[in-house]
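Here it is, the structure in full.
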Amino acid sequence: MTREQRFEAEALPHLKALYGTAYRMTHNAHDAEDLVQETFLRAFRAFDRYASGTNIRAWLHTILYRVRTDAFRRAGRSPRTVELEGDGPPVPTPQDALAAGGEDLARALDGLPEAFRTAVVLRDVQDLTYEEIAGVLGVPIGTVMSRIHRGRALMRAALGGRKP
Amino acid sequence: MSCDPERITAYVDGALDAAVCPDLEAHLAACPECRAQAEEERALRARLRVMPSPEPSPELEARVRRSLRARPRPASWLLPVAAGLVALLVWGRGASPFVAWELSRDHDHCFGNRRLPAQVWSSDPARVAEWFESHGTTVPLIPESAADLELVGARYCFLGDRTAAHLYYTSGEHHLSLYVVPGPVRDPSPRERRPRGNFVRLMRMGGTTVGLVSEKEENVEAFARALSTTVAWKMAVDRPAP
């Protein structure tokens, strides 16, 4: 098995999971796909450094988060990472009408500040452990706990009107 | 122990040291507030775990596989050959059929989103031009609308080898993209091209190339006319009377 085949067999099955996180981070499919593509490229280059047998999904998320923060760091210079200047009209599609009914959860999640949202997604959607999340975000476990707590409290408030 | 909401979160996640769990469980039994928090967090977790995941486009996996193959580690003797190929590729990418194909792909990509990924939202051409100007791109005079399609916003889009200003026009049902393409485009003659089923026209305007993409030929025609008229009108206004 070549290095490339091994990488494809081990890493590519996680493409959808990575896309899910990327989409929650960027809020749009265009940027999420670019983010995932860049993540897999970097992961492929660094594949020799991946410790076989450890959680590859956590390792891929570490790279995804790094690509995202690098893009933010370049934000001052790169026009592609300029933040949205407002909330414009959506492209109307039939799916919009269908999705409108059951989207309160996704809306509450998307409404969180990015630091909390990422922590909640890594824990509750991707099911990573606190240790793995601390590794992905490069922060102490106490910070992970605090961000998940704040994120969930804000979501509970958004969904049920409870004070955060 | 007193209430410690962050610890309750860690307890729900099974991330708490086993030694402190008995104390916390005793507290939970006595404190309805903390018990409610734990229950709500468990319920929220359960909902998030089964929340439908956003689906990537079917093309993404193929794109990733292609990009992995595009970057093998070159042997040293391969380098001059690779350099030649890169030069050829750069040369090839400047050709108008290739640019037209890239624009058409990007048009489908942007308008394929449920929500347009614009970086600036405005129906005012002056406002959009000003936004691009502040990011270092000069946009030629652009129409506010044509053929029922109105300007709604814009962003920078990556075209494989260059970043173009991309302006979105829509009537809700139909879409048109106006691109300001930097760098050289060889043979941007205003002939119609149809890559990926879209109508594409490239027009040389001053020092830049403008690309128009739409699913409908009439829309491209209308914008090509509107662009020429706007420029002619501006030139007439700017020129001092004899």
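If you take the residues in segment B:1-33 that are more than 9 Å from chain A (Cβ to nearest Cβ) and among the acidic types (D, E), which one is nearest to A:D127 (Cα to Cα)?
The selected residue is B:D17.
Right, next: Modelled with pLDDT of 90 or more, surrounded by 14 or more Cβ atoms within 10 Å (Cβ to Cβ), part of a helix (DSSP H, G or I) and touching a Phe, Trp or Tyr at 6+ places or on another chain (Cβ under 7 Å): which single residue out of A:F7, A:F40 fits that description?
Working: A:F40 fails: touching a Phe, Trp or Tyr at 6+ places or on another chain (Cβ under 7 Å).
Residue meeting the stated conditions: A:F7.
Looking at segment B:200-219, which of its residues are surrounded by fewer than 22 Cβ atoms within 10 Å (Cβ to Cβ) and either modelled with pLDDT of 90 or more or part of a helix (DSSP H, G or I) (or both)?
Passing the criteria: B:E215, B:K216, B:E217, B:E218.
Suppose the filter is closer than 22 Å to B:R114 by Cβ, modelled with pLDDT under 75 and outside any loop (DSSP other than H, G, I, E, B); does A:L98 pass it?
Yes.
Six or more apart or on different chains, Cβ under 7 Å: which pairs go from a residue in segment B:1-29 that's closer than 16 Å to B:R45 by Cβ to one that's part of a helix (DSSP H, G or I) and of a type in the set (F, W, Y)? Could you list them?
B:D13/A:Y130; B:A15/A:Y130
Return yes when B:R225 is outside any strand (DSSP E or B) and at pLDDT below 80 and no when it is not. Outline the logic, then answer.
On the way: outside any strand (DSSP E or B): yes; at pLDDT below 80: no.
It is false that B:R225 is outside any strand (DSSP E or B) and at pLDDT below 80.
Further question on the same structure: Among the residues of segment A:28-55 satisfying the criterion of being facing chain B (nearest Cβ under 9 Å) and of a type in the set (A, V, I, L, M), which is farthest from A:L137 (Cα to Cα)?
The qualifying residue farthest from A:L137 (Cα to Cα) is A:A29.
Here is a further query. Would you pick out the residues in segment B:15-37 that are within 45 Å of the chain's Cα centre (by Cα) and crowded, with 17+ Cβ neighbours inside 10 Å?
Those that are within 45 Å of the chain's Cα centre (by Cα) and crowded, with 17+ Cβ neighbours inside 10 Å: B:A15, B:L16, B:C34, B:Q37.
Being within 14 Å of chain A (Cβ to nearest Cβ), farther than 24 Å from A:D31 by Cβ, assigned to a strand (DSSP E or B) and of a type in the set (D, E) is the requirement here; does B:E173 meet it?
Values: within 14 Å of chain A (Cβ to nearest Cβ): yes; farther than 24 Å from A:D31 by Cβ: yes; assigned to a strand (DSSP E or B): no; of a type in the set (D, E): yes.
Taking the combined requirement at face value, the residue does not satisfy it.
Within segment A:135-150, work out how many residues are among the small types (G, A, S) and either within 17 Å of A:R68 (Cβ to Cβ) or touching a residue at least 40 places away in the same chain (Cβ under 8 Å) (or both). Reasoning before the result, please.
Taking segment A:135-150 first, the residues among the small types (G, A, S) are A:135, A:138, A:142, A:146.
If we keep only those that are either within 17 Å of A:R68 (Cβ to Cβ) or touching a residue at least 40 places away in the same chain (Cβ under 8 Å) (or both) too, we end up with A:135, A:138.
Of the residues in that region, 2 qualify.
Would you confirm whether any residue within segment B:121-141 is of a type in the set (F, W, Y), within 30 Å of B:A87 (Cβ to Cβ) and touching a Gly at 6+ places or on another chain (Cβ under 8 Å)? Write out each step before concluding.
In the first step, residues of segment B:121-141 are kept if they are of a type in the set (F, W, Y); the result is B:121, B:131-132.
Next cut, within 30 Å of B:A87 (Cβ to Cβ) only: none.
No - not one qualifying residue is present in segment B:121-141.
May I ask you to list the residues in segment B:109-123 that are more than 7 Å from chain A (Cβ to nearest Cβ) and touching a helix residue (DSSP H, G or I) at 6+ places or on another chain (Cβ under 9 Å)? Show your work before the answer.
Filtering segment B:109-123 down to residues more than 7 Å from chain A (Cβ to nearest Cβ) leaves B:112, B:122-123.
Correct list: B:G112, B:S122.
Here's the yes/no breakdown for (1) β-branched (V, I, T); (2) assigned by TED's automatic domain parsing to the domain that holds A:A71; (3) in contact with a helix residue (DSSP H, G or I) (Cβ under 7 Å, 6 or more places away or on another chain):
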site	(1), (2), (3)
A:R3	no, yes, yes
A:K16	no, yes, no
A:G20	no, yes, yes
A:T26	yes, yes, yes
A:H30	no, yes, yes
A:Q37	no, yes, yes
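List the residue pairs whose Cβ atoms are under 9 Å apart, where the first residue sits in segment A:13-27 and is more than 7 Å from chain B (Cβ to nearest Cβ), the second is among the acidic types (D, E), and the two are 6 or more positions apart or on different chains.
Hits for this filter: A:A22/A:D31; A:A22/A:E33; A:A22/A:D34; A:R24/A:D110; A:M25/A:D31; A:M25/A:E114; A:T26/A:D34; A:H27/A:D110.
Within segment B:203-229, take every residue that is under 20 Å from the mean Cα position of the chain (by Cα) and of a type in the set (A, V, I, L, M, F, W, C) and give me the one that is nearest to B:I142 (Cα to Cα).
Narrowing segment B:203-229 to residues under 20 Å from the mean Cα position of the chain (by Cα): B:209-215.
Right, trim to of a type in the set (A, V, I, L, M, F, W, C) and you get B:210, B:212-213.
On the way: B:V210: 10, B:L212: 12, B:V213: 15 Å.
Once the filter is applied, the top-ranked residue is B:V210.
The values are calculated or read from the model by the stated rules, or taken from the named source; none is laboratory data. On a predicted model such as this, the values are computed, not experimentally measured, just so you know. Every residue, glycine as well, gets a Cβ built from its backbone with ideal geometry; the counts of neighbours run over all protein chains shown.
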